[in-house]
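I have placed the structure first, in the form of structure tokens, so that the comments after it can refer back to it.
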Amino acid sequence: MTTGRRSDARTSASAEAARRMLDLLAADAPAEAVAAQPARSRADGAGPEDLAWIEETTQAALSVRRVLDQYRRREAELVALFDTAGDLARLRDLDAVLRAIVRRARTLLGSDVAYLTLNDPAAQDTFMRVTEGSVSAAFQQLRLGMGEGLGGLVAQTARPYASTDYHSDRRYRHTGTIDDGVAEEGLRGILGVPLRLGEEVIGVLFAADRSPREFTPDAIALLASLADHAAVAIDSARRLEATRSALTRLEAANATARAHSEALHQASDAHDRLSKLVLRGAGTDEVAAEIAALLGGGVAVHDTDGSELARVGTGPVTPSAASLAASHTEGRAVHADGVWTCAVLAGAEPLGGIVLTGRGELPEADRRLFERSALVTAMLLLVRRSVAETEDRVRGELLDDLLAGPASSAHWDGGSLTLRARRLGLDLTRPHAVAVLDCEPALRSRLAVLDCEPALRSRLAAENARTARRLGGLAGTRHGHAVLLAPCDRPGVLAHGLATDLTRVLGTPVTVGAAGPGTGPDEHAARHAEARRCLTALHALGRTGEGADLADLGFIGVLLGDRADIGAYVARVLGPVLAYDTERGTELVRTLHAYYDQGSSLSRAKDALHVHVNTVVQRLDRVAQLLGPDWNTPASALEIHLALRLHQLTRDGNGTPPQCR
């Protein structure tokens, strides 16, 4: 009986202790509360057998508690990893995801500090990217060289490393910079795991305490899992950024392509419109007006010499040589001095320039349109030049036949030449002058100008042809000189104007000898020969770069002329004196005769005239007023004396001048 009651009591005590431990486990009581149960049973008077059973049961309960704690910890880790995966799925901001991963690493490992570094391939080191729990600015800016410190070793070897107390751990290569940063942060126990993308290590994830700590394999595995998620986040963010950049570039490229296509379409349409104008025979004025309308500005078109061919919607404007040269070199329109300039080219040959005013910065489409306009203008100028060259060739052949003269052929037909001229719009019955031109500097060695002569003569011929078209005449080359036949009854004035204008345009002296006027096709050969003699005389007299006819050469012209107009010569030299005598009945001409006949002696002249010497002086003063103060210089005196003799001859011949040869 007694033994049975004791057995029941023991069973009751053991059952009570087991129930209490189950209640503690169900209530998730601390392990210390479970471990305290044997002591409590001992205090309650449990026997040795009960205590032995209770202690065994307590160990089993603690083992269950440890398993439950491990499951809870694993559950928390899985939740954290699941949350991290969710963050990755919603990835928008890489920095936010990395901060969340570092924060979870610190929480799950219960560490004082967590941080993440990324590798810099260019600098061959790893740098701090995100920190959580750090208080040191120097630590947050650390860079670790490959193989330096714990983190540098992880980055270099792609293996996790842990240190219970970093300061005293000699397994790692310590540097002053790293040790100072770690010391300032106060870190002791440090764990680092690699961030890997396949075989590539892109950084390191760390957990660290400010006291020595032994990191368990579970802690290392957990941090490695978070590191894998961080690596995925970084890779996904990089790929997303690359995709976004590619999309941005693609959108920009599409926009550029659309704009380029639109610009090409507009330029093509404008090119077609302008080309149709040219093909239907429009002039530069119409083309310039169309360009101005297309671009909304003023337009001026110039030839190679800067002369204006057309201008619409702007004042006079000339393209600068620098802008034309730059446009020629670059093959594009150039903006300078507030205007746009584009060289008009046929291949590499300059044909002129086109200027756009009233526009600031041109969009690419308008710029292309302006450059297309220059191409069409080049086509127009080429067409005009081709037509002009054809006309010049026909006109040159007619000029050759006219200058050959009747002596050139027994079949020479002046009437046929007149008809040919009429078809070209020339009326040979009108007075025409012949001019012979050259651009050889007379006083320079021919060797010195040998290289430049072909180019100069070519330009002179082109300008001469341009002048012929403007004056309604003929231009060509004969006996190595440029020749112009133009409607004119004052050849000296024509020659002077040609010499002045062409010297300015060519930048070298142009000498022009002229003769005329002639009023029939059979006269022009003789006028051409006379103009050549005049040109030769100009060079011989040192008057290179001037223009004149034989009459302008004074008595030299009289000697050289084959149809000397003595009356005109006398009138040019003595005209004012003759008119004065005629109007007032004075004897200035008679006084001049006596003065020169008496060797320019006043005393002998007054005796020959039977007047007082003061009268001679007064008459000569009047002559000076009429002829100019230099009338008595040697050259002028020679001219006047010759004119007096010729005047006397004409009077002796009953007022009729000697016949011209």
- On the given criteria, is GLU185 in contact (Cβ under 8 Å) with a residue 40 or more places away in the chain and not hydrophobic (A, V, I, L, M, F, W, C)? yes
- Tally, over segment 338-365, of residues that are part of a loop (DSSP other than H, G, I, E, B) and of a type in the set (Ser, Thr, Tyr): 0
- Message: Among the residues in segment 214-223, are any over 19 Å from GLY151 (Cβ atoms) and among the β-branched types (Val, Ile, Thr)?
- Response: yes
- Item | Which numbered condition ARG103 misses (of (1) within 17 Å of ILE202 (Cα to Cα); (2) surrounded by fewer than 19 Cβ atoms within 10 Å (Cβ to Cβ)) | (1)
- Note on the structure: Of the residues in segment 447-460 that are at pLDDT below 85, part of a helix (DSSP H, G or I) and not basic (Lys, Arg), the one that is surrounded by the most Cβ atoms within 10 Å (Cβ to Cβ) is LEU456
- Message: I'd like to know if segment 267-283 contains one or more residues that are exposed (fewer than 13 other Cβ atoms within 10 Å of the Cβ) and at pLDDT 80 or above.
- Response: no
- Message: Tell me the residue from LEU644, LEU550 that is modelled with pLDDT under 85, crowded, with 19+ Cβ neighbours inside 10 Å and assigned by TED's automatic domain parsing to the domain that holds LEU494, please.
- Response: LEU550
- Item | Among residues of segment 184-232, those that are within 55 Å of the chain's Cα centre (by Cα), crowded, with 21+ Cβ neighbours inside 10 Å and not hydrophobic (A, V, I, L, M, F, W, C), counted | 3
- Query: Looking at segment 196-206, is at least one residue farther than 19 Å from THR117 by Cα and either in contact with a strand residue (DSSP E or B) (Cβ under 8 Å, 6 or more places away or on another chain) or part of a helix (DSSP H, G or I) (or both)?
  - Reply: no
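Given the residues THR511, THR503, which is the only one that is within 16 Å of VAL434 (Cβ to Cβ) and of a type in the set (Ser, Thr, Tyr)? Let's see the steps before the verdict.
Details: THR503 fails: within 16 Å of VAL434 (Cβ to Cβ).
When all the criteria are applied, what remains is THR511.
The values are calculated or read from the model by the stated rules, or taken from the named source; none is laboratory data. Here the structure is a predicted model, which means the values were calculated and not measured. Cβ: placed from backbone, ideal geometry, glycine included. Neighbour counts: every protein chain shown.
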